[in-house]
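These notes are about the structure you will find just below.
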Amino acid sequence: MAGSDETEDSEGRRGALTEKLNPKLISAMRLARELLPGDSRYGDPLSTVGSEPRQLVARRLGELASERPGILKEAGLSALQVWEAVSEGTGGGVEGDELAIAFTDLVGFSTWALEAGDELALELLRDVGEAIEPPVGRHRGEVVKRLGDGMMAVFSKPDNAVEAIFEATERLGGVEVAGYRPRMRAGVHLGSPRRVGSDFLGVDVNVAARVADHASGGEVLVSGSTLEELDRSALTVRKKLLFRAKGVPSDVAVYSLKRKR
């Protein structure tokens, strides 16, 4: 019995020591994550949006870590943080890289969809996706997310973004559902958004979205920073006068682009 009591006392002391050390070790590991590549807060709901395996695992680990912090959970998040950074190839949330951010949507879609109904609206959106998304990949872009009747995409170069949109617009000309021919509007802005998980955030993303909002059907609008990096030899450029949009700096100029015939 004495031996049993001593064993229990020893295990109790080890458990108490572990409880004292764990918070310090966890804090040290969290500090160490600041030095690792990628987003040091990877694992929170914002950074793990998506359905890829690493995002699903990170989301679960993040939930567990918030409920009951542990060394193994922090180690797992550290590994996933680096994995995310390497997989995305964009610094995993590090700012500084310039990207051409493009937004598109369809003019009049919501009004038409109310009359047409869900089945026809879904058929149209599928046809639209097949028309406008392949050009993004062909021009070295990435579809970040689908936004109902539109999308957000990013490109390493503004020329690629504009060419992808022109091609998508041409392909969309062959789409028709129940007498409705969709007309796409688009906006492009060159900036330095912050990547968080599978999404991009920041002022430059908002600017790109607002630029797209001011385009009319079949029109491509670009910001001044985008225009400066474009090869204008094959483009007709017209400045959009009196452009003002909430959340967009007042010095942002916007231009309408067309291909020269």
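Quick notes on this one:
- Taking the stretch 169-201 as the range and being of a type in the set (Lys, Arg) and over 19 Å from Asp213 (Cα atoms) as the test, the residues that pass are Arg171, Arg181, Arg194, Arg195.
- Filtered residues of the stretch 169-203 (kept if in a helix (DSSP H, G or I) and touching a helix residue (DSSP H, G or I) at 6+ places or on another chain (Cβ under 7 Å)): Arg171, Leu172
- Given (1) polar (S, T, N, Q); (2) under 29 Å from Gly173 (Cβ atoms); (3) crowded, with 18+ Cβ neighbours inside 10 Å, number of the condition Ser233 does not satisfy: (3)
- For the stretch 145-160, a residue qualifies if it is of a type outside the set (Gly, Ala, Ser), under 18 Å from Val107 (Cβ atoms) and in contact (Cβ under 8 Å) with a residue 24 or more places away in the chain, and the qualifying residues are Leu147, Asp149, Met151, Met152.
- Selection over the stretch 239-257 of residues that are modelled with pLDDT under 95, touching a Phe, Trp or Tyr at 6+ places or on another chain (Cβ under 9 Å) and not β-branched (Val, Ile, Thr) gives a count of 3.
- When every residue of the stretch 238-245 is checked against the conditions, none turns out to be surrounded by 14 or more Cβ atoms within 10 Å (Cβ to Cβ), in the same structural domain as Phe103 (by TED's automatic domain parsing), touching a residue at least 60 places away in the same chain (Cβ under 8 Å) and not hydrophobic (A, V, I, L, M, F, W, C).
- Take the conditions (1) more than 24 Å from the chain's Cα centre (by Cα); (2) in a loop (DSSP other than H, G, I, E, B); Lys258 misses just one of them, which is (2).
- Which numbered condition Glu142 misses (of (1) at pLDDT 95 or above; (2) within 17 Å of the chain's Cα centre (by Cα); (3) farther than 20 Å from Val107 by Cα): (1)
The values are calculated or read from the model by the stated rules, or taken from the named source; none is laboratory data. Remember, predicted model here, so these are calculated numbers, not experimental data. Neighbour counts are summed over all protein chains in view; Cβ atoms, including those assigned to glycine, are modelled from backbone coordinates with ideal geometry.
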